[in-house]
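The values are calculated or read from the model by the stated rules, or taken from the named source; none is laboratory data. Just so you know, these numbers come straight off a predicted model, no measurement behind them. Every residue, glycine among them, receives a Cβ derived from its backbone with ideal geometry; neighbour counts consider all protein chains shown. Ligands, DNA and RNA are stripped out before the accessible areas are found, and what is left, the full protein with its side chains, is counted by its heavy atoms. Shrake-Rupley method; radii C 1.70, N 1.55, O 1.52, S 1.80 Å.
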Amino acid sequence: MEKIWIEASEGEDTCACTSADSVQLMQEPQITEEQAVGIAEVFKALGDPTRVKMIYYLQQRELCVHDLATLLAMGQSAVSHQLRYLRDLHIVKRRKVGKTVFYSLDDDHIEQIFVQTLGHLQHM
């Protein structure tokens with residue numbers, strides 16, 4: 001549908017294809033500011049290729065920092081820093097066995113986002 005713009009009397013542009021009632025309904029709070037910020041933070045975390053690779057490996061199996069550092073060809077300190085960031089956002093969780101800490105995805109939601117995004121890229 002092509003939108004038709006009409007000059008309003010107050011000098012504002014309005015769209016003739018949408019009724020004022022439907023716009024009013026959409027303006028009612030559907031998502032809170034806190035939720036919007038949370039979603040943006042998750043996408044920000046997924047915006048880093050190193051963290052995306054970490055999620056890719058962790059969706060396959062639980063791994064320790066040493067194994068992730070080896071897979072990513074990074075230092076353990078740098079990997080730990082990234083994992084802490086992901087943990088703070090509840091994207092990954094940790095499990096300690098003795099002195100070794102194992103990381104895995106926190107829940108299925110991140111894996112679903114990851115798989116859906118890969119699927120989207122394969123259709124491009």
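The strands (runs of 3 or more DSSP E) falling completely within segment 1-101 that include 1 or more residues that are open to solvent by less than 60 Å² (accessible area, probe 1.4 Å) and at pLDDT 95 or above map to 92-97.
Cβ-Cβ contacts under 8 Å between residues 6 or more apart (or on different chains), taken from a first residue in segment 102-124 that is more than 15 Å from R61 (Cα to Cα) and open to solvent by 70 Å² or more (accessible area, probe 1.4 Å) to a second residue that is among the hydroxyl-bearing types (S, T, Y) and part of a helix (DSSP H, G or I), are absent. The set of residues from segment 59-79 being over 17 Å from V97 (Cα atoms) and touching a residue at least 40 places away in the same chain (Cβ under 8 Å) comprises just one member, Q59.
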